[in-house]
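Asks: Before I ask anything, here is the structure I am working with.
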Amino acid sequence: FLAAIAEHELAERDRRRIERHLAEARLPPGKTLDGFDFAAVPMLSKAQVMAVAAGDAWLAQGANLLLFGPPGGGKSHRAAAIGLALVEAGFKVLFTRTTDLVQKLQVARRELGLEAAITRLDRFDLLILDDLAYVTKDQAETSVLFELISARYERRSLMITANQPFGEWGRIFPDPAMTLAAVDRLVHHATIFEMNVESYRRRTALDRKRGPGRPPTRATIKTADA
């Protein structure tokens, strides 16, 4: 009886911890790996994605995960779904639009608290920075982003979604040397997924335009980029 009570208490503690971590993660709702249509993104290996979602090895090494592809290809869905799987596995995750986090770090810098703000983010095993390409090409914004990347290098993991390949990152970082240094740190220990597929939103609009009774562009699409 005591063993059963202890087992129940441990399970209840795990449940409460996961609920607390889910609230902190700020993941967009409804984005799961079960709801992601891998057939719509044939260049992805489902086995590799599921291995990444387990998290143990690469998070322990402070490695990164980089997702590239055009808007509407499912990057944000997959990033959020992997984040959810990691939270359920016991890791601490934070999902944020890159621009939102950069603005908060700029405020911290103005208040002479940037280092402390970046240190507080260390409590998350993984930061998911969504839509990197929308950061303004401004020295103040990109410098705090670079400091975040540098601070987490080989210690804590980043997951980044971006519409632009590395060759276009000169549009994000105004200084070529900073661009090279940021890319070097991100790719040193990284898994890169490329999702070069047509926009889900565009496919959906075309299907609506065709009307009922006409074959859809893809019959099994389930996911959209946030």
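Asks: Considering only the other residues whose Cβ falls under 13 Å of the Cβ of Gln48, what net charge follows from Lys and Arg at +1 and Asp and Glu at -1? Working shown, then result.
Replies: Details: positive: Lys46, Arg78; negative: Glu194.
That works out to +1.
Asks: Can you give me the accessible area per residue for the chain, using a 1.4 Å probe, in Å²? Intermediate results must be reported in sequence, preceding the final value.
Replies: Working: 11710 Å² over 226 residues.
Per residue, the chain has 52 Å² of solvent-accessible surface.
Asks: Let me know the number of lysine pairs in the chain closer than 21 Å at the Cα, not counting same-chain pairs under 8 apart.
Replies: For the chain, qualifying lysine pairs total 11.
Asks: Next up: Taking the Cβ of Glu7 as the centre, find all other residues whose Cβ is under 14 Å away and add up their charges (Lys, Arg: +1; Asp, Glu: -1). All intermediate terms of the calculation are to be shown ahead of the outcome.
Replies: Numbers: positive: Arg13, Arg15; negative: Glu9, Glu12, Asp14.
Residues close to Glu7 contribute a combined charge of -1.
Asks: Tell me, what does the Kirkwood hydrodynamic radius of region 26-195 come to in angstroms if you use every pair of distinct C-alpha atoms?
Replies: On the way: mean 1/r = 0.0619 Å⁻¹.
For region 26-195, inverting the mean 1/r across all distinct Cα pairs yields 16.2 Å.
Asks: May I ask you to list the trypsin sites (Lys or Arg not before Pro) in region 79-166 that are in a DSSP loop and have at most 13 other Cβ atoms within 10 Å of their Cβ?
Replies: On the way: sites: Lys92, Arg97, Lys104, Arg109, Arg110, Arg120, Arg123, Lys137, Arg152, Arg155, Arg156; in loops: Lys92, Lys137, Arg155, Arg156.
Hits after loop and neighbour filter: Lys137, Arg155.
Asks: Hey, another quick one. Just to verify a number: FRET efficiency for Arg120 and Ile5, C-beta to C-beta distance, R0 = 45 Å, to 0.05?
Replies: Working: r = 37 Å, r/R0 = 0.82.
The pair Arg120/Ile5 has a calculated efficiency of 0.75.
Asks: Follow-up question, since we're still on this one. Report the net charge of residues surrounding Ala151, where surrounding means a beta-carbon distance below 9 angstrom and charges are Lys +1, Arg +1, Asp -1, Glu -1. The partial results should precede the final answer.
Replies: Numbers: positive: Arg152, Arg155, Arg156; negative: Glu115, Asp122, Glu147.
Result for the neighbourhood of Ala151: 0.
Asks: Give a quick list of GluC sites (Glu not before Pro) in region 135-175 that DSSP marks as loop, anything other than H, G, I, E or B, with at most 12 other Cβ atoms within 10 Å.
Replies: Loop-located and lightly packed - Glu154.
The values are calculated or read from the model by the stated rules, or taken from the named source; none is laboratory data. Everything numeric in this text was worked out from a predicted model, so none of it was measured. Virtual Cβ from ideal backbone geometry, glycine too; neighbours counted across all protein chains shown. The protein model used for the area step is the full one, side chains on, heavy atoms only, and it has no ligands, DNA or RNA in it. Shrake-Rupley method; radii C 1.70, N 1.55, O 1.52, S 1.80 Å.
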